[in-house]
Amino acid sequence: MKKTSRKKELANFSLGKEKTNYENDYNPKLLEAFANKNPASIAWTSLICPEFTSLCPKTGQPDFATIFINYIADKKMVESKSLKLYLFSFRNHGDFHEDCIQTICNDLVKLMKPRFIEVIGEFTPRGGIAIFPYASWANGEKENQELLSARRTNYSPGKYGARSSFLSR
């Protein structure tokens, strides 16, 4: 991997810009990736967004969720501020819970091409029903396909959404 200065590496990211512009419509182009400096390592990254909102496509009412993103990077990783802005872009997006989670998973796969990724949504109940959609993907490597199969087989609501103490404050 070619060495570049930290300042040059970060120059094109949203991170550190004076003013943050928040998109009002779903926009996958907000996502940014950076080079994984340890692509030979197998390391999990977990990202938790406790303030996700989207709109019900039928009623236009807001839906609230905590989104859990767990992945094993390959050559690229998602930049966290760009992820925040991207997730915020769902705020006025009308789609079903399952479709939002699958879209997030698909967009992150397209951006990073990780070894493995799973996206879980824990939506607050509306109409007395809580919905916890799960989407996942793995590259063609045997060990990642086995991980994908095992995670899908063993999934149950709350299992892979490791609640952190900061979420209950």
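Points to keep in mind about this one:
- Among the residues of region 50-74, those identified as assigned to a loop (DSSP other than H, G, I, E, B) and either hydroxyl-bearing (Ser, Thr, Tyr) or touching a Lys or Arg at 6+ places or on another chain (Cβ under 6 Å) (or both) are 59, 74.
- Filter result (under 17 Å from residue 26 (Cβ atoms) and assigned to a loop (DSSP other than H, G, I, E, B)) within region 102-142: 133
- So residue 47, is it part of a strand (DSSP E or B) and either exposed (fewer than 15 other Cβ atoms within 10 Å of the Cβ) or at pLDDT 95 or above (or both): yes
- Sole exception among (1) modelled with pLDDT of 95 or more; (2) within 17 Å of the chain's Cα centre (by Cα); (3) basic (Lys, Arg) for residue 91, by number: (1)
- For region 147-163, the criterion of being assigned to a strand (DSSP E or B), without any contact (Cβ under 8 Å) to a residue 12 or more places away in the chain and surrounded by fewer than 20 Cβ atoms within 10 Å (Cβ to Cβ) is met by none of the residues.
- Top-ranked residue of region 66-116 - restricted to ones that are under 29 Å from residue 143 (Cα atoms) and basic (Lys, Arg), ranked as surrounded by the fewest Cβ atoms within 10 Å (Cβ to Cβ): 110
The values are calculated or read from the model by the stated rules, or taken from the named source; none is laboratory data. Keep in mind that this is a model prediction, so the values were computed, not measured. So basically every Cβ, Gly included, is an ideal-geometry build from the backbone, and we count neighbours across all protein chains shown.
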